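Reviewing the structure listed below.
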Amino acid sequence: MSKTPRSIPGHPAPDMSLWQGRVDAAEGERALRWHQVIQPEGPEAASGLALLGFASDAGVRRNQGRPGAAAGPDALRRMLANLPAQPGLHLLEAGTITVETEDLEAGQAAFGARIADLLDRGHRPIGLGGGHEIAFGTFQGLERHLSQREAAPRLGILNLDAHFDLRSGPQGTSGTPFRQIAEGCRERGWPFRYLALGISAFANTEALFQAAREVGAAWRLDEAMGFADLPEIQREVTGWLEGLDHLHLSICLDVLPAADAPGVSAPSARGVALEVVEKVLDLAAASGKLRVVEVAELNPSLDEGQRTARVAARLVGRLAARWEATRA
């Protein structure tokens with residue numbers, strides 16, 4: 001397949017220039033890396049894992065956070081470029097939706113439309129943020145896709161995050177996406193199934209815990225997410241997944257310890273160890289119910305030694321391999 005980008009009506013051709021890296025030509029096809037196998041997503045592309053960027057700081061600024069996450073999608077692509085490509089991995093570059101001004105709502109709507117288009121054509125979208133406001137855009141796309149097929153889909157949102165992101169306010173921010181999703185489900189008459197793992201008792205006010213209770217959310221605190229807790233965590237997540245047909249997975253990088261993920265708006269004082277986060281992602285990918293994923297809050301301007309970008313690339317790479325395996 002040619003790497004010459006082709007546009008989809010209403011969407012610019014994806015920029016492939018970021019996909020560069022090491023070439024181990026002497027070791028043959030089993031030494032290929034992501035930058036060598038990824039193709040531009042277009043009308044003729046076979047179904048695959050489609051990377052779609054959301055370059056936005058607007059929600060973080062509205063939430064009084066530290067801006068810089070708009071540069072996250074491209075920083076993550078550069079780190080993904082050198083990952084080893086497992087045989088059969090079908091990767092597509094779907095471009096980036098950029099919030100040029102403070103019109104976050106228009107950006108989320110455009111992102112949602114693109115997610116719906118990718119889902120409609122059989123792709124598995126992976127959103128690259130950007131602030132966590134990406135989650136509401138992702139949901140808009142999944143909602144649009146599912147509503148054309150089912151009256152009341154059994155949809156769940158699994159959020160790995162130090163924060164509930166259930167804030168109230170006159171406009172959407174990086175701290176409101178799951179409240180907005182709850183409201184969207186209520187308007188459609190859909191149940192709201194929300195599981196938040198890694199919540200910090202020291203980063204969420206009592207008002208936010210009360211908001212979680214009011215929307216019927218389930219959660220697990222970061223202090224109950226140690227390696228010794230893993231068997232119980234796996235049982236809880238597995239049981240929760242059994243009640244779903246469709247899964248929206250959201251990964252906020254501030255769920256990780258600050259030593260692993262310094263490049264976020266609000267680094268965690270404690271966080272959840274990478275080895276535990278990975279096991280949860282494995283369960284999500286193996287469920288056969290995963291429909292969309294997003295990775296949020298990568299802020300390259302705060303990322304010492306590119307540590308956050310490296311761990312984000314590892315998570316995306318692991319998830320991609322396991323998600324692809326369910327299609328075999």
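The values are calculated or read from the model by the stated rules, or taken from the named source; none is laboratory data. Predicted model only: the values in this text are computed from it and were never measured. Cβ atoms come from the backbone with ideal geometry, glycine included; neighbour counts cover every protein chain shown. For the accessible areas, the whole protein counts, side chains as well, though only heavy atoms, and no ligand, DNA or RNA atoms are used. Shrake-Rupley method; radii C 1.70, N 1.55, O 1.52, S 1.80 Å.
Given the criteria in contact (Cβ under 8 Å) with a residue 12 or more places away in the chain, over 17 Å from the mean Cα position of the chain (by Cα) and open to solvent by less than 30 Å² (accessible area, probe 1.4 Å), does Ile251 qualify?
no
So which pairs qualify, if the first residue must be in region 143-158 and surrounded by 16 or more Cβ atoms within 10 Å (Cβ to Cβ) and of a type in the set (Gly, Ala, Ser), the second must be at pLDDT 95 or above and assigned to a helix (DSSP H, G or I), the Cβ gap must be under 9 Å, and the two must be at least 6 apart or on different chains?
Gly156/Trp240; Gly156/Leu241
Report the residue count in region 252-303 for those that are in a loop (DSSP other than H, G, I, E, B) and of a type in the set (Gly, Ala, Ser).
Residues flagged as in a loop (DSSP other than H, G, I, E, B) and of a type in the set (Gly, Ala, Ser) within region 252-303 amount to 11.
Is at least one residue of region 24-47 out of contact with any Leu (no Cβ under 9 Å at 6 or more places or on another chain), at pLDDT 95 or above and of a type in the set (Gly, Ala, Ser)?
No, every residue in region 24-47 fails to be out of contact with any Leu (no Cβ under 9 Å at 6 or more places or on another chain), at pLDDT 95 or above and of a type in the set (Gly, Ala, Ser).
Looking only at region 281-324, count every residue that is touching a Gly at 6+ places or on another chain (Cβ under 9 Å) and either within 27 Å of Thr173 (Cα to Cα) or hydrophobic (A, V, I, L, M, F, W, C) (or both) and tell me the total.
So the count comes out to 18.
Confirm whether Gly226 is of a type outside the set (Lys, Arg), open to solvent by less than 60 Å² (accessible area, probe 1.4 Å) and in contact (Cβ under 8 Å) with a residue 60 or more places away in the chain.
The answer is no for Gly226.
Scan the helices (runs of 4 or more DSSP H) fully inside region 19-126 and keep the ones with 2 or more residues being hydrophobic (A, V, I, L, M, F, W, C), open to solvent by less than 40 Å² (accessible area, probe 1.4 Å) and in contact with a helix residue (DSSP H, G or I) (Cβ under 8 Å, 6 or more places away or on another chain).
58-62, 72-80, 104-120
Here are the criteria: (1) in contact with a helix residue (DSSP H, G or I) (Cβ under 9 Å, 6 or more places away or on another chain); (2) open to solvent by less than 10 Å² (accessible area, probe 1.4 Å); (3) in a loop (DSSP other than H, G, I, E, B). Tell me which single one Leu244 does not satisfy.
Among (1) in contact with a helix residue (DSSP H, G or I) (Cβ under 9 Å, 6 or more places away or on another chain); (2) open to solvent by less than 10 Å² (accessible area, probe 1.4 Å); (3) in a loop (DSSP other than H, G, I, E, B), Leu244 violates only (1).
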